[in-house]
4 protein chains.
Amino acid sequence: MPAQPPKALKPRKTPSQPRSRVTVDAIFEATIQVLLSQGMVGLTSTGVAERAGVSVGTMYQYFPNKQSLVYALNERFLTTLAERVEATCAQMHGRPVAEAAEALIDTYWAAKTERPELTRALYRSVAELETDALLHAFATRVDKATTDMFCRASDFSSPDASEVNVLLTTVIYGSVRNVFERGLGPEEILGLKSELKAMCRAYLATVGK
Amino acid sequence: MPAQPPKALKPRKTPSQPRSRVTVDAIFEATIQVLLSQGMVGLTSTGVAERAGVSVGTMYQYFPNKQSLVYALNERFLTTLAERVEATCAQMHGRPVAEAAEALIDTYWAAKTERPELTRALYRSVAELETDALLHAFATRVDKATTDMFCRASDFSSPDASEVNVLLTTVIYGSVRNVFERGLGPEEILGLKSELKAMCRAYLATVGK
Amino acid sequence: MPAQPPKALKPRKTPSQPRSRVTVDAIFEATIQVLLSQGMVGLTSTGVAERAGVSVGTMYQYFPNKQSLVYALNERFLTTLAERVEATCAQMHGRPVAEAAEALIDTYWAAKTERPELTRALYRSVAELETDALLHAFATRVDKATTDMFCRASDFSSPDASEVNVLLTTVIYGSVRNVFERGLGPEEILGLKSELKAMCRAYLATVGK
Amino acid sequence: MPAQPPKALKPRKTPSQPRSRVTVDAIFEATIQVLLSQGMVGLTSTGVAERAGVSVGTMYQYFPNKQSLVYALNERFLTTLAERVEATCAQMHGRPVAEAAEALIDTYWAAKTERPELTRALYRSVAELETDALLHAFATRVDKATTDMFCRASDFSSPDASEVNVLLTTVIYGSVRNVFERGLGPEEILGLKSELKAMCRAYLATVGK
DNA sequence: AATGAATGAGTCTTCATTCAT
DNA sequence: TATGAATGAAGACTCATTCAT
């Protein structure tokens, strides 16, 4: 997915040696911690380095600037998310569309809900970055997987699977984000999720059969 | 909607004299301009003041700090948005749910799409503010209007209009936001919008009749 | 005593008309209030004007700058103090030195202790002003009165009354100030005062008889 | 003596590395220089840093704000002063009170007179700080030493040495300060000092024998 | 390679003072 | 003469980034 991170945001070296790997992981974890406790505003390079137990200098060895840190963090999570979605899609090949859609909802929902606070923080962090390229790369990659899944659904023969795909993903991704924006309670969330599935089902029943 | 802006964000004085009014408006407009051209990162107090053609000091007479400026801006737009939604809801009283939902989509969509770049900028600006209270106040206000509209729909007798309302609004608001996130083209957007309507129709057809 | 207030500190107009008098008094009172509640740091021209119920503009009509305000305030108090000391001195003409010294202590002490917080505030305010001239003028004026008193004491024939005067006044004024610096309690203060008198008596008994 | 500097005034890091030590000393010296030449008003962070030959940033690594700088400076001088007084007191154990008092006068006087301009500047600087705690700690520490000295004087058996101590120290410290306030000339100062001693002697001769 | 002291450009913010109304 | 909106110089402070050790 890296897909050309705006040059300045590329990590400096890809850690291969075990020591480096540990360092980088510590930095990532520290970034998350600071992000959670202080938000983007409180995310200072010194603060992260301190929390990670390394010196600023060391940190700059791996990340050329502060943004690259957050960028890499988002990249990491988006990559994981993409992989999970792809896995789901692979698994759902040849199944009915409705089921496929529901599975997509479940997977995406779960991924975003596991660490809700982190999800919130990342959603916010994106606003301050030049992440258009990153998000676009993610969208493209995932769209391919989902479109594919819908195309090959057992009961689906829409001439334009892509259109259906755009609708479903927009609605799903958007709804999830809105849930975080509104700060709904756990029960409401569950209800919402099942209604969303119902909605998708209802829609698919009227389309491309 | 003001709903207790976190004290530090409250404007300092409400301009009463005509000279003040002009000044404040200039500041607002300048804020928008800067937000559009430089984003939240480039939004400096000096920058805004300069663009507004006033001195920093003047700006600080009306806004106790930079954030309050953006806060006020969001408040303004959300208030307008709420009013438009309320107007639509009032107009749709007693009409079929499907029509009501479509009208809501049209209104919300239009409001957000008129100045797309500004919408993007505001979406982003929110991430750096303590706007939870503001957003919550907006949600509450608008939810009341929409729930009411759905309750009184001619063909609607759902025991739980509120649940339907949450679903529809989440889906609609979320989808719109996602459209901006993805940077879809105008055509795709139009297609998406009509599909979204179809989806809502399909869903409502299966519910509460 | 004005004795050439450093040009920039001279009040702009001496209020003669009754309206002006009221305004100036209100400003003085406001200055004291602000000084007491916020200290020198919190003493802003806007703050004082507001508290005085006049506009900044009006205030600047009477005081050309912030310092002149504090300067005038100190001048006022020093003048009153000088008058009280002079009165005491006049009254003590021809009395024994010891009694004269004690009377001086009582007068000075009383004057500084009546509004202790204000005294503290003024002591501090002086530090930030170009008040050397003012203080010098005060010292000269008062020294004249006290020296005179000591010279004419019934039992005093020191060849150098001036030297005695310097010692006594230095000790008295200094001690009073130190009392405020240390923040002694009321009882300690009383004890201290009577001991100070005893000390002066003891000293005078060994001198110039 | 640190005695809990009001948290905001505590130095940020205590320099351990030699480079740091040099830096901090340079900053201190620069602070003194600026204080002497421009007074508290002219003491700006940039000014001090410039004079110290370091960047503002460096200065802020050691002192969280401007005040802490002056605070630390006062602390330094008060500590030295306390040490000198203590040394004198230790040395005067078992000697006659009068001698002890004179020694105290000499020591305190010398300490304050060595760099008169600096003394003046520090006296003034205190007015703008939250130094009550600092001064109180100093007073307590020094009072202990002097009281002790008086208690153990060979010819002293006052039931309340503490009261005598308060009087003497108040008179001495206060007089010294007053000398600076009045701007007396060197000759007057010498005369004053010897008279002050005479006064103390006279007083002690009437007490607690 | 790691460290962390030093840098200084860049921001926010205040407040004495002016001046058009 | 009074008002208070506007001014803008001045100053405090932060923090990403560098580089000597």
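Side notes on the structure shown:
- For the range C:77-99, a residue qualifies if it is over 19 Å from the mean Cα position of the chain (by Cα) and hydrophobic (A, V, I, L, M, F, W, C), and the qualifying residues are C:M92, C:V97, C:A98.
- Of the residues A:A127, A:A145, A:A111, the single one that is within 29 Å of B:A121 (Cα to Cα), modelled with pLDDT of 90 or more and either more than 14 Å from the chain's Cα centre (by Cα) or of a type in the set (G, A, S) (or both) is A:A111.
- Residue match in the range B:7-17 (condition: over 18 Å from B:A121 (Cβ atoms), within 15 Å of DNA strand F (Cβ to nearest atom) and either of a type in the set (A, V, I, L, M) or modelled with pLDDT of 90 or more (or both)): no
- Every listed requirement among (1) over 18 Å from B:N178 (Cα atoms); (2) within 11 Å of chain B (Cβ to nearest Cβ); (3) among the basic types (K, R) is met by A:R152 save one, (2).
- Unique residue being under 18 Å from B:R141 (Cα atoms), within 16 Å of DNA strand E (Cβ to nearest atom) and not basic (K, R) when the list is B:A72, B:A90, B:A111, B:A82: B:A72
- Complete set of residues in the range C:106-156 that are among the hydrophobic types (A, V, I, L, M, F, W, C) and more than 30 Å from D:L129 (Cβ to Cβ): C:A145, C:M149, C:F150, C:C151, C:A153, C:F156
- One residue stands out in the range C:155-166 among those that are in contact with a Phe, Trp or Tyr (Cβ under 8 Å, 6 or more places away or on another chain) and crowded, with 21+ Cβ neighbours inside 10 Å: the one that is farthest from D:G183 (Cα to Cα), namely C:V164.
- Summed over the range B:31-66, the residues that are without any contact (Cβ under 8 Å) to a residue 40 or more places away in the chain, away from DNA strand E (no atom under 12 Å from the Cβ) and closer than 15 Å to B:E117 by Cα give a count of 2.
- Checking C:L73 against (1) in a helix (DSSP H, G or I); (2) away from DNA strand F (no atom under 16 Å from the Cβ); (3) farther than 21 Å from C:E181 by Cβ, the condition it does not meet: (3)
- Residue within the range B:179-194 that is within 7 Å of chain A (Cβ to nearest Cβ) and in contact (Cβ under 8 Å) with a residue 60 or more places away in the chain present: no
- Residue in the range D:46-70 that is nearest to DNA strand F (Cβ to nearest atom), counting only those that are closer than 20 Å to D:L122 by Cα and among the charged types (D, E, K, R): D:K66
- Search result, residues across the range A:34-45 that are within 8 Å of DNA strand F (Cβ to nearest atom) and surrounded by 18 or more Cβ atoms within 10 Å (Cβ to Cβ): A:L43
- For the range D:76-112, filtering for residues that are surrounded by 21 or more Cβ atoms within 10 Å (Cβ to Cβ) and over 22 Å from D:S162 (Cβ atoms) leaves 1.
- Residue in the range D:190-203 that is hydroxyl-bearing (S, T, Y) and in contact with a helix residue (DSSP H, G or I) (Cβ under 6 Å, 6 or more places away or on another chain) present: yes
- Qualifying positions in the range C:155-175 - aliphatic (A, V, I, L, M) and either more than 7 Å from every other protein chain (Cβ to nearest Cβ) or in contact with a Pro (Cβ under 9 Å, 6 or more places away or on another chain) (or both): C:A161, C:V164, C:L168, C:I172
- The residue pairs whose first member lies in the range C:121-132 and is facing chain D (nearest Cβ under 8 Å), whose second member is of a type in the set (D, E, K, R), and whose beta carbons are closer than 6 Å, counting only pairs six or more residues apart or on different chains, are C:A127/D:R124.
The values are calculated or read from the model by the stated rules, or taken from the named source; none is laboratory data. Just so it is clear, the structure is predicted and the values come from calculations on it, not from any experiment. FYI the Cβ positions are ideal-geometry reconstructions off the backbone, even for glycines, and counts take in every protein chain you see.
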